[in-house]
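Rule-based calculations on the coordinates, nothing more; no lab input. Treat the numbers as computed from the prediction; the structure is a model and nothing was measured. FYI the Cβ positions are ideal-geometry reconstructions off the backbone, even for glycines, and counts take in every protein chain you see.
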Amino acid sequence: MNKAELVEEVVGQTGLTKKISREAVGAIISVITDSLTREEKVTLVGFGTFRVRERKARRGRNPQTGETIQIRAKKVPKFKAGKNFREAVR
């Protein structure tokens, strides 16, 4: 499912207009992104938790040359599914 299909599902379940649903979906994505940018945790009870995690620096290998390279540490978004969400998917 892509963003447009998600908007259509919101329209179908809420009866809101497509424009309002698109704005709502966009606002939710924006708020989650902004919070993670500030390294704040976002918890949606029953769904899951978004947070920023730090990946340590590590050694890797260039697949074209076989040369060993150093991969820098970086911050990445992580999602941990909530209990209700995990059970629904099972």
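Quick notes on this one:
- Matching residues in segment 12-39 - criterion: being touching a helix residue (DSSP H, G or I) at 6+ places or on another chain (Cβ under 6 Å), of a type outside the set (S, T, N, Q) and under 26 Å from Lys78 (Cα atoms): Arg22, Val25
- Qualifying residue in segment 58-74 (condition: touching a residue at least 24 places away in the same chain (Cβ under 8 Å) and either out of contact with any Ser or Thr (no Cβ under 9 Å at 6 or more places or on another chain) or over 25 Å from Lys3 (Cβ atoms) (or both)): no
- Counted residues, segment 2-40 - those being part of a helix (DSSP H, G or I) and on the phi > 0 side of the Ramachandran plot: 0
- Residue match in segment 19-26 (condition: aliphatic (A, V, I, L, M) and surrounded by 14 or more Cβ atoms within 10 Å (Cβ to Cβ)): yes
- Within segment 58-84, restricting attention to residues that are exposed (fewer than 10 other Cβ atoms within 10 Å of the Cβ) and small (Gly, Ala, Ser), the residue that is farthest from Phe47 (Cα to Cα) is Gly66.
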